[in-house]
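Worksheet: the structure to be examined is printed underneath.
The values are calculated or read from the model by the stated rules, or taken from the named source; none is laboratory data. Source: prediction; values computed, not measured. Cβ sites come from the backbone with ideal geometry, for glycine too, and all protein chains shown count toward neighbours. To get the accessible areas, we keep the full protein, side chains included, count just its heavy atoms, and leave off ligands, DNA and RNA. Shrake-Rupley method; radii C 1.70, N 1.55, O 1.52, S 1.80 Å.
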Number of protein chains: 4
Amino acid sequence: MFRIPPLFNGMTRLRVTIWNEFVHERHNPAVAAIYPQGLHCVLAGALGKREDWSVRTATLDQPAQGLPPAVLDTTDVLLWWGHAAHDAVEDDLATRIQQRVLNGMGLIVLHSGHWSKVFKRLMGTSCGLCWREAGERERIWIIEPGHPIAKGIGNCIELEHSEMYGEPFGIPTPEFLIFVSWFAGGEVFRGGCTWTRGSGRIFYFSPGHETYPIYHHPEIQQVITNAVDWARPQGRPAEVPRHVPVEAAREKIVARGSSMHDSSGELRKSDD
Amino acid sequence: MFRIPPLFNGMTRLRVTIWNEFVHERHNPAVAAIYPQGLHCVLAGALGKREDWSVRTATLDQPAQGLPPAVLDTTDVLLWWGHAAHDAVEDDLATRIQQRVLNGMGLIVLHSGHWSKVFKRLMGTSCGLCWREAGERERIWIIEPGHPIAKGIGNCIELEHSEMYGEPFGIPTPEFLIFVSWFAGGEVFRGGCTWTRGSGRIFYFSPGHETYPIYHHPEIQQVITNAVDWARPQGRPAEVPRHVPVEAAREKIVARGSSMHDSSGELRKSDD
Amino acid sequence: MFRIPPLFNGMTRLRVTIWNEFVHERHNPAVAAIYPQGLHCVLAGALGKREDWSVRTATLDQPAQGLPPAVLDTTDVLLWWGHAAHDAVEDDLATRIQQRVLNGMGLIVLHSGHWSKVFKRLMGTSCGLCWREAGERERIWIIEPGHPIAKGIGNCIELEHSEMYGEPFGIPTPEFLIFVSWFAGGEVFRGGCTWTRGSGRIFYFSPGHETYPIYHHPEIQQVITNAVDWARPQGRPAEVPRHVPVEAAREKIVARGSSMHDSSGELRKSDD
Amino acid sequence: MFRIPPLFNGMTRLRVTIWNEFVHERHNPAVAAIYPQGLHCVLAGALGKREDWSVRTATLDQPAQGLPPAVLDTTDVLLWWGHAAHDAVEDDLATRIQQRVLNGMGLIVLHSGHWSKVFKRLMGTSCGLCWREAGERERIWIIEPGHPIAKGIGNCIELEHSEMYGEPFGIPTPEFLIFVSWFAGGEVFRGGCTWTRGSGRIFYFSPGHETYPIYHHPEIQQVITNAVDWARPQGRPAEVPRHVPVEAAREKIVARGSSMHDSSGELRKSDD
């Protein structure tokens, strides 16, 4: 039922793909002033400093929405930024990304990507939150100083201008809560969270509103670089669902009683 | 974006609905011999002993696949058994159930329900597993003797005849692992797991293959009864996503910088 | 090795004991003005409204530091407040409380109790935090609206005057993070956390500094009442460590190879 | 309150120390036949194949019980095997190891080390289990194929002769459950578990009874090698508890109300 993509090869360069819907930068002058070539290019510049990584970008307007199998199946860690065009992403693409994550690809979901199809599918929850766009101060506190995603960061990161994202955030309890944000307007937010789904690692990182130069911030770039490093595929894809015939059992057993399935594991036709 | 159903009322009887696809019992004589009126009726008999509960059943062949809004929106805890007809369940029904769980309804997923649309959606993972139908012995060990779902159960439950479900089981790490099964053929399985999604509690319980009288077993009935009790709605639905205008901020702040949204929180048209 | 206390009896009234070191209230006029008879008495008044509960108080200056076996072993949920006298609590008492929690007693640790012997032992971590006493505003946000401990509470609780507790908080990742606090001075804190240890449920709740009337606040009282309800013993104590002789194995096996132990499970003397 | 050891330096070789109580190998001929120089030496041989690691051994009979500060404070990952002499380990040593873990050292606890002082302290629970020494077959199933500790291992590892460890195992819910064991006598066991405590990573791995040549098994050696790699220090030690004076608050605030502490953060004497 699941297609297993080419196996990851830890010996080669880590293959990183930055996906951006790339809408606001082309239609909103305020955003274009900050990210003239798209925010994916600023991120690519930051991640590209790692010489042992191979960094590409992909955008919604490209063929196959930027992620044809030839790209997605050779991606080890995918970054995702979307806001205005979540609905434009095809269901089939969301399905392919989800499968790739379950098979081991790392996924970094940025800012308004909380509302993307792929994040909602992997979480299974609403992924909703409260928000306010007032250019207010955000202070991102490190909750787990020992976590590799927090490496090289002090006690907190300050953003003088940011969009407020507030609780309750409709996510499953994170496996690790790395960052919690404080906002001048009075809210808090679990802005740095990790989960494992299948063999894939997922990190959600909330800072990154497009009207502020947040992805130019060195410490934000450091966190995202750390996160890519952390999210790299670790083991192997989980097994596909499989039937274990009686004669293949590891302990000798004899089949007893009636059965719904034939010897190949298919449901008998009379039941359908 | 989310419709909030009528609020749960802790003062009234707990409203329990047992959903069964009800396919095998009508087409397979071996199954019919064990569950002549459907396995949902045996479960209803067991749960019906709780006088403070109101127990209904629902099946796939009923109007609206057994769960029209009038039923689903008055259900506090839903039990789900499916096997042959997972694909027949409409996407819209799966969506409505998922929303109801996020808003606080408890969900008990039984046996082959691991492969149902609603369970896969709430987990976000493959939900795949290994399996073998050989009527072999299963021994269900209690991992968390202090958990309410294990109340009244000894060190383990023995089923002389069962279907093997084996690891790896494609689920997110459970919040609590209550039961782990041992199989005569040599496998193990995380057969009793809990998760919280939104405001809803979810319990997956693996025993229950239709060719063995597992739901007649008093201790299995005890576990399922405990699980319904545990899964009852606890708090209130999480907030829907919402915009907090600057003037509604709890700390006085002044809007600064450019904005992607108008004062009502809608994305400006020029961005679409 | 472990002494099993009298089993909890769900049929009777829940037995709640509020322990307070009761130091500041007798030596500091500012504290005495807020809690003339000790903060335990204010909490007892709040919890005492539940007619199905039996509420007692205990203080450090009483015989056996307020918790002789006759009291502790008949306590279903224990609340703990300490600050100046953590070191005065005897190791043996901390051991007895830890054992009682592992066997199923609920434990609510309040405010500066984060630094108590019993909390540190149950967590295994530093339990350290940052702090500042400036009477600043604290806003306690609800992270999990569906959790029973948040029942009846709105989006947040505001305390006009509070002591700041800040991250990083040296605790194991909580099973559920119910509340996160915002402070006017710029910090955040995971102020409402749950864990399970053995068969016991633990809730840490940070508000409660003794120079502000926080335990008089109706919503704070509501949270603590909810927490006691939630922490009540659920199942049974976990098994003590035990030897399973070969002839008692549930599957027939024959002993093979050499052994470090004699037939009763004791290490052979020649090894000591 | 906490002493911060020399900071870990990711640029140098990983410093691994294998601690063994080294009792049975010198007094029991059956054990000596399998591990003539002690099981720590077999493990050192296996881990020593990693040329980028620096591997040492330490035993109970050495000065400072093998772990003087000069050794412990230069250890990045510590392996621990004990059985007969848990009580002989000094409390102070257990305290120093616990602190070192909280500050970032990895800890691999092997087999009967579940009952060691240091493991019990870090878990906060009983750490008890059921057991039987019958040389029975154990099959260790991989639960998380994507986890780095399972790298290079197939679906399961089979040990023809092993000691049974059975549930319930008195541990906090592991963050990740990597392995679950099946035993011929009918039990199951969570034999491969991870936790984070402070900035340190902990892995418990149950196989390793001293009367069977389990640490000679290539796949067992692979798992332990993987675990050391995984447990290496990741970030930085968490902050020590610290007072944040009002004038150092990141947002401008003015101290209000009465205070329990003087300006340096010490409790006022009048309160003691």
Please state the shape class of the protein assembly as shown: rounded when a/c is under 1.5, otherwise prolate if a/b exceeds b/c and oblate if not, all from the C-alpha gyration tensor. rounded
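For the protein assembly as shown, give me the percentage of DSSP beta bridges that are antiparallel, rounded to the nearest 5 percent.
Here the share of antiparallel DSSP bridges comes out near 55 percent.
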Pull out a ≥ b ≥ c, the square roots of the eigenvalues of the alpha-carbon gyration tensor of segment A:15-150, then state rounded if a/c is under 1.5, prolate if not and a/b is larger than b/c, and oblate in the remaining case. rounded
Within segment B:179-210, report the chymotrypsin sites (Phe, Trp or Tyr not before Pro) that DSSP leaves as loop and that have at most 16 other Cβ atoms within 10 Å. none
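Mind running the shape call on chain B? Use the C-alpha gyration tensor, a ≥ b ≥ c as the square roots of the eigenvalues: rounded below 1.5 for a/c, prolate if a/b tops b/c, oblate otherwise.
Working: a/c = 2.02, a/b = 1.88, b/c = 1.08.
Prolate, because a/c is 1.5 or more and a/b exceeds b/c.
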Between chain C and chain B, with a rotation axis joining them, whose C-beta in C is nearest that axis, and what is the whole-Å distance? C:GLU175, 3
C:LYS252: which lysines have alpha carbons under 26 Å from its alpha carbon, excluding same-chain residues fewer than 8 sequence positions away? A:LYS252
Using a 10 Å cut-off around each Cβ of peptide A:94-107, what is the average number of partner chain Cβ atoms that fall inside? 1
Given the rule -39500 (n - 2.57) for each run of at least 4 DSSP H residues, summed and divided by the residues of chain B, what is its mean residue ellipticity at 222 nm, to the nearest 500 deg cm²/dmol? -5500 deg cm²/dmol
Given Cβ point charges of +1 (Lys, Arg) and -1 (Asp, Glu) and nothing else, what value in debye, to the nearest 20, does the dipole of segment D:123-262 about its Cα centre take? 760 debye
Taking Cα pairs under 8 Å and at least six residues apart, what relative contact order does chain C come out at, in percent? 19 percent
Tell me the distances, shortest first, between C:GLU251 and the same position across the other copies, using label points 7 Å along Cα→Cβ, in nm to one decimal. 0.2, 6.0, 6.0
Find every distance from the label point of C:ALA70 to the corresponding label point in the other copies (7 Å from Cα along Cα→Cβ) and write them in nm, one decimal, shortest first. 5.7, 6.3, 8.4
Interface residues, segment C:244-258 - accessible area loss of 50 Å² or more versus chain alone, probe 1.4 Å: C:VAL244, C:ARG250, C:GLU251, C:ILE253, C:ARG256, C:SER258
Of all accessible heavy-atom area on the protein assembly as shown, the percent that carbon and sulfur account for (1.4 Å): 54 percent
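Can you give the FRET efficiency for C:ALA64 and D:SER258, using 1/(1 + (r/R0)^6), R0 = 25 Å, r = Cβ-Cβ distance, to the nearest 0.05?
The pair C:ALA64/D:SER258 has a calculated efficiency of 0.15.
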Suppose all protein chains stay in the model; what accessible area per residue would a 1.4 Å probe give for chain C, in Å²? 34 Å²
Take the alpha-carbon centre of segment C:194-238, take the same for segment A:146-209, and report the distance between them in whole Å. 26 Å
Sorting B:HIS40, B:ALA64, B:VAL101 by the position of each Cα along the dipole of chain B (Lys, Arg +1; Asp, Glu -1; all at Cβ), the one nearest the positive end of that ordering is B:VAL101
If I model a spin label as a point 7 Å beyond the Cα along the Cα-Cβ vector, how far apart are those points for D:THR12 and C:ASP73 in nm? 5.3 nm
For the A and B pair, go ahead and give the buried accessible area with a 1.4 Å probe, both sides summed, in Å² to 100. 5200 Å²
Taking every residue in C:191-201, how many Cβ atoms of other protein chains lie within 10 Å of its Cβ, on average? 4
How large is the dipole of segment D:168-251 about the Cα centre if only Lys and Arg carry +1 and Asp and Glu carry -1, each at its Cβ, rounded to the nearest 20 debye? 180 debye
Dipole check, segment D:159-272, charges on Cβ (K,R +1; D,E -1), about Cα centroid: among D:MET260, D:ILE220, D:TRP182 the Cα furthest to the positive pole belongs to D:MET260
What are the nm distances, shortest first, from C:GLY152 to its equivalents in the other copies, labels at 7 Å along Cα→Cβ? 2.9, 5.1, 5.8
Hey, which lysines would be in cross-link range of B:LYS117, C-alpha to C-alpha under 19 Å, not counting anything within fewer than 8 residues on its own chain? A:LYS117, A:LYS120
Test of understanding: in a Gaussian network model of chain D with alpha carbons linked when under 10 Å, which of D:SER259, D:SER199, D:SER112 would top the mean-square fluctuation ranking? D:SER259
Note: C:154-163 gets an average of partner chain Cβ contacts (10 Å, Cβ to Cβ) equal to 3
